[in-house]
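Following: one structure in C-alpha cells, then a few remarks.
Quick note: the coordinates plus some simple rules give every number you see, no bench work behind them. Bear in mind the structure is a predicted one, so any value in this text is a computation, not a measurement. Reconstructed Cβ throughout: ideal geometry from the backbone, glycine too, with neighbour counts over all protein chains shown.
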Amino acid sequence: MSCVLEVDVNGEEVFFVDKDVLARVCGRIKNLVVAASAAARRPPRVVLHGFPGGGEAFELVARFCYANGGVAVTAANACELRCAAEFLDMAAAASTAPSLVRMTEKALEEMPRWPWHSVVDAMKQCQRLLPLADSTGVFDRAVAALVSHMAVPSAGDATPTSSSPESTAFRFSCDTKSSNLSLRGSCISRTWWFEDLVALSPGTVERVATELVARGTDHGVVSRFLFYYLKCRIAGASSEDKKAMLEASIAVISGLDRSAVSCKGLFGILRISASLKLADAWQERLVAMVGRKLDQATLDNLLVPAPSGTGSLYDVSLVLRFLEAFIRGGDAVRDERTRLEKVGRLVDLYLAEVAPDPSLRPAKFVELATALPAAARDCHDTLYRAIDVYFQVHARLTDDDKMKICRGLSYEKLSPECCKHLARNASFPTRAAVQALASQHTVLKSLVLRDSGELKPVSSPPSATGKHRSSCDDGENDGQIILYAARLDLSLENQNLRSLLERMHWRVMELEKVCSRMKTQMTKMKAKRGGSCTARSLPRMCS
C-alpha cells in the first residue's frame, strides 16, 4: 500500500495506481504526490480537475506508463493523448525513454493522410479539448488537415464520405468561379463536405472558414457554406448559440468579395439578429455588408419593422444606415452609376411605401429623400408622388415644413405632366408651384437656341425624353409642353405672386408661338430645296 496512489479524474472516476510508476514520467503527478504525502494520508490522494479525455484517456496514459510506452496511438486517440501528455507534464522524459509527447506528435503529422471521417472526428475532439488543443497546436493541425481534404476532390468527383448535400433538401446553384484550390468539377463535388461540418461549433466553423479563405478557396463556396450552416443550425438553438453562430458567420462573410455574398442571405441574418441584440460592432459590420449589396435588394427586403415602442411602421433609420454604407463603399466600383440608379429607384419605392405612415417625422422623411446624390435620379416623378402622399397624410404640416421637404425635389427633373399636377395641387405650398413653373420656363428656353440665324436643337432634359418621358407623359398634349397657371389656390398669397404666374404663363405661350413659326419656316425651306437637304431634328415641343 505504500506505493498506491489514489487518483480522482474530474470527479467522475477514481484510479488506484503505483505512484512511482506514474511519477517517473508525469511531472504533474510527481508534484501532486509530494503534496499529498505531506498530508500524511494513506494512501495518498490527488485530484485532476479538467483532465482532457476524462477517465478513458487517463487509463491509456496509465497503461503507457506501466507498459513502458506499449500503447497504440491511433487517429481515434492521438488528439486526446497529446493533450493529456501536456496536462500531466510528460514532455520532460529522458530522450532514451518512450515519450508520449513524441509518439502523439508523430501520429498527428500523418493527420492530412487520415480518412476524412477520422479528421472530422478529430476536429470534434479538439472542440472538447480546448484550451489545451490550442496551446499544443492540435487544433491548428486538425483545421489544416480538414481543409486539405476539402481542397482535393476524390477521383470521379465522388465524395470521400457517404454524406452529401444531395441527401438534404438544401440545394446550391453553381454560380461562382472555380476555386484556386482546384475545387473543380460539378457544384456537388465542391460542396460535398457541407453536411459533415454542420455539427461543428460556431468557433470551429469560423476557424475552418477563415482557413479556407486564407488558402484561396472560392469565396462563393465559403459564403454558401456559412449560410447553409445557419440554415441547418439556427432553428431550435438557444439565444446564446444563435448569437455565437451569427457572429462567427459575420466575421468571415465581412471579409469576402461583395459579389460572392447573397443579398437574400444577408437580410436573412438581419431578420434573425433583430431579436438577439447583437453588440454594436457586429451590427455595424452587418449593416456595412448589406449596404455593399443594396443595389441587389428588393422593396420587401427594406420593409423591416420598426423596433417596438417607436410607434413607426418601418425602421427608416436602419435603411438610412444602409444608404450611408452604400455611398461609403461605392467609390471604387466601375459600374457605380448603374448601381446608384438602381438604389435610387429602390429608395423612391420605399419612400412611397413609408409616406402614409402618420408617425414618420418630416425630418426623417427629408433625410431619406435627400440621402442619395443627384445622379441617382433622372426623373423625380416617383419622388414627387411620394411627397404628395406624405403631404396628404400629414395635413397639419406648415408651409415652411413642406418647403423643407420640397428641397429634395428637382423641378427640372419633373415631367410636364407632373409639373402640371403640382401646379394644381393644393397640398403643395404656392411657393413650390411657382418654383416648378419657373423651372419649366427655364427648360423651355433651353430647348431652342439660335446660332447664326439657324435653328439649333438642344438635347432635352432626361425627364422629357426616353423612358422617363414615356413613363411620365400620357401624350394627351401631342408632345407640346403646356403649363397651366390657372386653378392655383392663391387666395392666401399676395398679388405679386399672382402677377408673376400670369406673366410666366403668357411667356410660355409666346415661346410656343415662336416655335410654331420656326416649324413653318423649316417646312418651307425644305420644300424649296426639293427635299435634298438633310432633315434637322426639331425640338420635341415643335414636332
- Item | Backbone HN-Hα couplings from phi across the range 410-427 [Karplus 6.51/-1.76/1.60, Hz, Gly and Pro as x] | 9, 5, 5, 9, 8, 6, x, 5, 5, 5, 5, 5, 4, 4, 8, 7, 6, 6
- Two-site label geometry, E59 and R45: point separation in nm, points 7 Å out along Cα→Cβ: 2.2
- Message: Percent of Cα-Cα pairs more than 27 Å apart in the range 1-128, please.
- Response: 20
- For D89, placing the label point 7 angstrom along Cα-to-beta-carbon and taking the range 1-26, residues whose amide nitrogen sits under 15 Å are 22-26
- Query: Which ³J(HN,Hα) values in Hz, rounded to whole numbers, follow from the phi angles of the range 243-259 under the Karplus curve 6.51 cos²θ - 1.76 cosθ + 1.60, where θ = phi - 60° and Gly and Pro get x?
  - Reply: 4, 5, 5, 5, 5, 5, 5, 4, 4, 7, 4, 5, x, 8, 4, 4, 5
- First check a/c for the range 86-137, with a ≥ b ≥ c the square roots of the eigenvalues of its C-alpha gyration tensor; if it is under 1.5, answer rounded, and if not, answer prolate when a/b is larger than b/c or oblate otherwise. oblate
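Which length gain, in nm to one decimal place, applies between D241 and E110 when the Cα-Cα distance is subtracted from 0.36 nm times their residue separation?
Values: separation 131, 0.36 × 131 = 47.16 nm, distance 3.34 nm.
Result for the pair: 43.8 nm of gain on full extension.
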- In units of 2.2 N^0.38 Å, the Cα radius of gyration of the range 217-328 is 1.04
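So between S118 and A35, what do we pick up on full extension, going 0.36 nm a residue minus the alpha carbon distance?
Working: separation 83, 0.36 × 83 = 29.88 nm, distance 4.01 nm.
Using 0.36 nm per residue and subtracting the Cα-Cα distance, I get 25.9 nm.
Classify the range 270-353 as rounded, prolate or oblate, taking a ≥ b ≥ c as the square roots of the eigenvalues of its Cα gyration tensor: rounded when a/c is under 1.5, otherwise prolate if a/b is larger than b/c and oblate if not.
Working: a/c = 2.53, a/b = 1.37, b/c = 1.85.
Oblate shape, in that a/c is at least 1.5 and b/c is the bigger or equal ratio.
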- Message: Testing the spin-label approximation: label points 7 Å from Cα along Cα→Cβ at A438 and L313. State their distance in nm.
- Response: 3.5
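Could you list the trypsin sites (Lys or Arg not before Pro) in the range 284-369 that lie in coil according to DSSP, counting only those with at most 11 other Cβ atoms within 10 Å of their Cβ?
On the way: sites: R285, R292, K293, R321, R328, R334, R337, R339, K342, R345, K364; in loops: K293, R334.
Sites meeting the loop and neighbour criteria: R334.
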